Amino acid sequence: SRLMDLPACELHRLGEIADLVTSVRLSRVRKEKLALALKNKGYIPKLLQLFQVCENAKNTEGLHLLFDIMRGILYLDKAILFEVMFSDQCILGVVGCLEYDPCLAQPGWHREFLTKTEKLQEVIPIRDPELRQKIHQTSRAQYIQAIIMPNPSVFEEGFLSTLDSFISSSKEEILHGLQKDEEFLPEVFAQLTNEATAGEQRCELMRFFKEFCAFSFTLPEKRDELLQTLAKLGILRTLEMLMGMDDLQVRSAATDILSYLVEFSPAMVQEFVMREARQSENDTQLIIELIEQMICSPNPEFGGDNQLMEILCALIDPEKMLATVSNLEVFEFLDIFYDRYIHVLTAPLLADPSEEWYEIVFFFFLQLKALIFLVDNYQTAEILASVLELLSFCVEQHKYHMKIYIINKDLLRRTLVLMKSKHKFLALSALRFMRRIIGLKDDLYNRYITQGNLFEPVVNAVLDNRNRCNLLKSALMELFEFIQKEDIQFLIAHIVENFSGALESVKYIHTFQGLKTKYEQEKDRQNEKLS
């Protein structure tokens, strides 16, 4: 069909051009016609010439109109226009127009930002000039998308979908080009592991490599080939080394990449961890590195330790291991884990303030005389809560090994000290740990709890919270209700015989009366048997 007629590209007709661009937004056919007309008549370079004139003359009204025109052209969402607008010849003029938003008191700094950013992007030399140009074009497209994207609620779903597709397909081209270059990834690994690499350069490399992996793993047809290449290059050994560095940005990026590998290729990571466990006697291993980072996290409230915990859970989950190895090999790995690794995880719970470990890891906390020294610091409380969550996972997944460890180390007693913490979430974590143990209904565990009188801190917590309404009180009641419902007579007898007097003051809670009734009924049954 006939192309749309465009006004002459002249300064006094900018208002007319802006109205035209805005008027076609709701008509798909008119948007198509306008896009073809703009492309075929070379209109965008002419508009950018007018932009130079307006900026040199400080024509504010003209600059505001050009902002509306350029944004409106981008909102047409047509790939034939993106190729022109994101080209080397036009890109700075386009972002220059977008600096003059009428809603802003001062113009933006998009051109300065974009030119400075581009200088930093080539952390590894790109030998193919076409690939280099494609990388630059894609980065510009992403930047423009970020500055022009409206609030999602303003426009219909799928707004600027062509721009999204343009960026996505460009990234696929870039990845394909980089993977074709057989020297590129080896050079990335060489620089990452080279001690002579400057800190800032390594950070730039890690940012690039993280983005490279994040996008590559979303492409199923390329994923397996890339994973094989990364395995040959020693990706896990490299990440292990990078996670041990002092630079927080490098460690964070390495952790992110490891989480991608655990998500998309858990078997590869499992195999590496098990191979390390069999072959190495030293403590510079991936699991050790993950645990140490989790318990030494300077900012656990920002979620870094949660990510590390998820990775650890995935690596020590027997069910996931069985997808690639035999039952015997899983049992062998757990033997090694509880022989060499678990002590690092439980160190914050078992540490004596006089020990060297305490001085290294918690050097910034005041030294007190009991484990309670830990609970008054919010960051430490966050770390301990994460440790307890991981240990609760071990209670359920590693029943045999964890039971032996808890009883030998008297771990539950040390954990229940945290019931006195002023941070209720930490007290709740300690209670959940005990609840997981009791939930197994294991006679050996029950005997360990009763012989150690480990219900005392729990009963004390009930008394401290009897006049409050909080999550901890609810969790305490649920624990006793579970014992009553499951009729765990060994624990019922212990609670009634040792704490019935103390619990008399909370008669309004019927659970304790129910326990007493169960106890008396069982006693009557036993007497009948004797008779």
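Taking a point 7 Å out from the Cα of residue 259 in the direction of its Cβ, the residues of segment 226-246 whose backbone N falls within less than 16 Å of it are 243. Site pair residue 142 and residue 218 shows an inter-label distance of 1.0 nm when each label is modelled 7 Å from Cα along Cα→Cβ. Are any of the pairs 485/523; 134/210; 222/320; 422/523; 33/134; 485/529 more than 29 Å apart by Cα-Cα distance, and if so, which? Beyond 29 Å: 422/523. Show log10 I(q)/I(0) for segment 148-269 at q = 0.11, 0.15, 0.23 Å⁻¹, two decimals, from a solvent-free Debye sum over equal Cα scatterers. For segment 148-269, the Cα-only Debye profile gives -0.45, -0.76, -1.36. Note on segment 195-256: the alpha carbon radius of gyration divided by the globular reference 2.2 N^0.38 Å gives 1.16. Calculated FRET efficiency, residue 447 to residue 417, Cβ-Cβ distance, R0 = 22 Å: about 0.55 to the nearest 0.05. Accessible area per residue (1.4 Å probe, heavy atoms of protein chains only) ranks 494, 136 as 136, 494, with the largest value leading. Looking at segment 457-530, the pairs of alpha carbons with a distance over 20 Å make up 28% of the total.
Computed extension length for residue 229-residue 516: 96.8 nm, one decimal, from 0.36 nm per residue of separation with the Cα-Cα distance subtracted. Give, as ranges by residue number, the residues of segment 4-44 whose backbone N falls under 18 Å from the point 7 Å along Cα→Cβ of residue 57. Residues passing the 18 Å test: 8-18.
Ranking of 264, 215 by solvent-accessible surface, largest first: 264, 215 (1.4 Å probe, protein heavy atoms only, all chains present). Note on residue 524: accessible area approximately 90 square angstrom, rounded to 10, probe 1.4 Å, nucleic acids and ligands left out. Projecting label points 7 angstrom from Cα along Cα→Cβ for residue 396 and residue 350 puts them 2.4 nm apart.
Principal-axis analysis of the Cα atoms of the chain puts helix 424-439 at an angle of about 60° to the longest axis. Please label the shape of segment 7-142 as rounded, prolate or oblate, based on the square roots a ≥ b ≥ c of the eigenvalues of the alpha-carbon gyration tensor (a/c under 1.5 means rounded; beyond that, a/b larger than b/c means prolate, else oblate). It comes out oblate by the Cα gyration axes. With kT/(6 pi eta Rh) evaluated at 25 °C and eta = 0.890 mPa s, and Rh the Kirkwood radius from Cα pairs, segment 402-483 diffuses with a coefficient of 190 µm²/s according to Stokes-Einstein. The long axis of helix 60-75 is offset from the longest Cα principal axis of the chain by roughly 70 degrees.
In this structure residue 104 has an accessible area near 90 Å², from a 1.4 Å probe over the protein heavy atoms.
Would you list, by chain and number, the aspartates and glutamates whose Cα falls below 12 Å from the Cα of residue 403, excluding same-chain residues fewer than 8 positions away? Cross-link targets: 442, 443. Per residue, the average separation of C-alpha pairs within less than 8 Å and at least 6 apart gives the chain a relative contact order of 7 percent. Using only side-chain charges placed at the Cβ, +1 for Lys and Arg and -1 for Asp and Glu, the dipole size of segment 457-530 relative to its Cα centre rounds to 200 debye.
When the scattering of the chain is computed by the Debye formula from its Cα atoms alone, each counted once and equally, what is log10 I(q)/I(0) at q = 0.09 Å⁻¹? For the chain at q = 0.09 Å⁻¹, log10 I(q)/I(0) is -0.84.
Counting 0.36 nm for each residue step from residue 133 to residue 180 and taking away their Cα separation leaves a gain of 15.3 nm. Looking at the chain, the accessible area is 50 square angstrom per residue; that uses a 1.4 Å probe and ignores ligands, DNA and RNA. Rolled with a 1.4 Å probe across the full set of protein chains, the surface gives residue 80 an accessible area near 70 Å².
Label sites at residue 528 and residue 187, each approximated as a point 7 angstrom past Cα along Cα to Cβ, lie 8.6 nm apart.
The values are calculated or read from the model by the stated rules, or taken from the named source; none is laboratory data. Predicted model only: the values in this text are computed from it and were never measured. Every residue, glycine among them, receives a Cβ derived from its backbone with ideal geometry; neighbour counts consider all protein chains shown. Heavy atoms of the whole protein, side chains included, go into the accessibility calculation; ligands, DNA and RNA do not. Shrake-Rupley method; radii C 1.70, N 1.55, O 1.52, S 1.80 Å.
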